[in-house]
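Input: a single structure, listed below in structure tokens.
The values are calculated or read from the model by the stated rules, or taken from the named source; none is laboratory data. Nothing here was measured: the structure is a model prediction, and the numbers come from that model. All Cβ positions, even for glycine, are placed from backbone atoms using ideal geometry, and neighbour counts span all protein chains on display.
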Amino acid sequence: MVEIAAIAERLDTAMLTATATPQLAEPLAIEDAYAVQAASMARRYARGERRAGIKMGFTSRAKMVQMGLDEMIWGRLTDAMLVEDGGTIDFARFVHPRVEPEIAFVLRADLPATVTPASALAAVAAVAPALEIIDSRYRDFKFSLTDVVADNSSSSAFVVGRGVPVGLDLSNLGMLLEIDGIARQIGSSAAILGDPVRSLVAAARLAAGAGEPLRAGDVVLAGGATAAEHLAPGQHVRLRVQSIGAVEFSVRRP
């Protein structure tokens, strides 16, 4: 029998103490991995954190094929994970953090499980450039599919820039990730399922399927548009997204 609560406590403790933990020895079904994630997040809600939305993962078709998946993965976001645009993160909070460039949707209305791209966009208040700080709690950043799902799909913090009203075509926006003023990743929003709106539609289905449908005010991170970059103390990170704007943060030195 899978000890959902025990695994959730272990991963939650690893997050709280920023201490790497061994990969899970327990064989998990994907349903059990999501149960661990939910139990781990319940511990955070009990400490006073509030739900802020969800993040999508494995939104690259190539990555899904590589992992043998026919579905994306997802994780929960809380208010304690939100970093102000232009703000600072404390490197000591993380085990081995990395950053990914993203597109964020901020909802103005609830989204049911089944929506079309058009109806999903009608529920969006703004689309914004975003940066997700991912941080696997496992040693050496190595994990299986179910390991990562149990660990809240590696989500640790996120920064959302100033949003713009929906209206422009989001399917092929240029994205430039800079660290200390040097271009580190150049990509396109097309890497997110061909169009980030498809990720929003999937997010509505997956969140509702877990009994946590998307609500007005939620943030949906559509998925990484490029490979993730390692973070180090003292760095300044900035993302520029064509036609939308920029978002940035700095990494505090210990």
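Criterion first (among the basic types (Lys, Arg) and either in a loop (DSSP other than H, G, I, E, B) or modelled with pLDDT under 95 (or both)) does Lys63 satisfy it?
Yes.
Just one of (1) modelled with pLDDT of 95 or more; (2) small (Gly, Ala, Ser); (3) closer than 30 Å to Ala190 by Cβ; (4) not in a loop (DSSP other than H, G, I, E, B) fails for Gly86. It is (4). Return the residue satisfying two criteria in turn: it lies in the stretch 210-243 and is surrounded by 21 or more Cβ atoms within 10 Å (Cβ to Cβ) and in contact with a Ser or Thr (Cβ under 9 Å, 6 or more places away or on another chain), and of such residues it is farthest from Ser199 (Cα to Cα). For the stretch 210-243, the residue satisfying everything is Val237.
Take the conditions (1) on the phi > 0 side of the Ramachandran plot; (2) under 20 Å from the mean Cα position of the chain (by Cα); Gly48 misses just one of them, which is (2). The set of residues in the stretch 113-170 that are closer than 24 Å to Ser189 by Cβ, assigned to a strand (DSSP E or B) and not hydrophobic (A, V, I, L, M, F, W, C) comprises Pro129, Glu132, Ser155, Ser156.
When Leu176, Leu145, Leu168, Leu131 are checked against the criterion of being touching a residue at least 12 places away in the same chain (Cβ under 8 Å), under 14 Å from Gly224 (Cα atoms), surrounded by fewer than 20 Cβ atoms within 10 Å (Cβ to Cβ) and not acidic (Asp, Glu), Leu176 stands alone in meeting it.
Taking the condition out of contact with any Lys or Arg (no Cβ under 6 Å at 6 or more places or on another chain), under 25 Å from Ser199 (Cβ atoms) and at pLDDT 90 or above, does Arg10 pass? No. If you go through the stretch 28-42 and keep only what is in contact (Cβ under 8 Å) with a residue 60 or more places away in the chain, in a helix (DSSP H, G or I) and within 16 Å of Arg10 (Cβ to Cβ), you end up with Asp32, Ala33, Val36, Gln37, Ala38, Ser40, Met41.
Yes/no per residue for (1) in contact with a Lys or Arg (Cβ under 6 Å, 6 or more places away or on another chain); (2) surrounded by fewer than 17 Cβ atoms within 10 Å (Cβ to Cβ); (3) of a type in the set (Val, Ile, Thr); (4) closer than 24 Å to Ala42 by Cβ:
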site: Leu111; (1), (2), (3), (4): no, no, no, yes
site: Asp151; (1), (2), (3), (4): yes, no, no, yes
site: Ile182; (1), (2), (3), (4): no, yes, yes, no
site: Ser188; (1), (2), (3), (4): no, yes, no, no
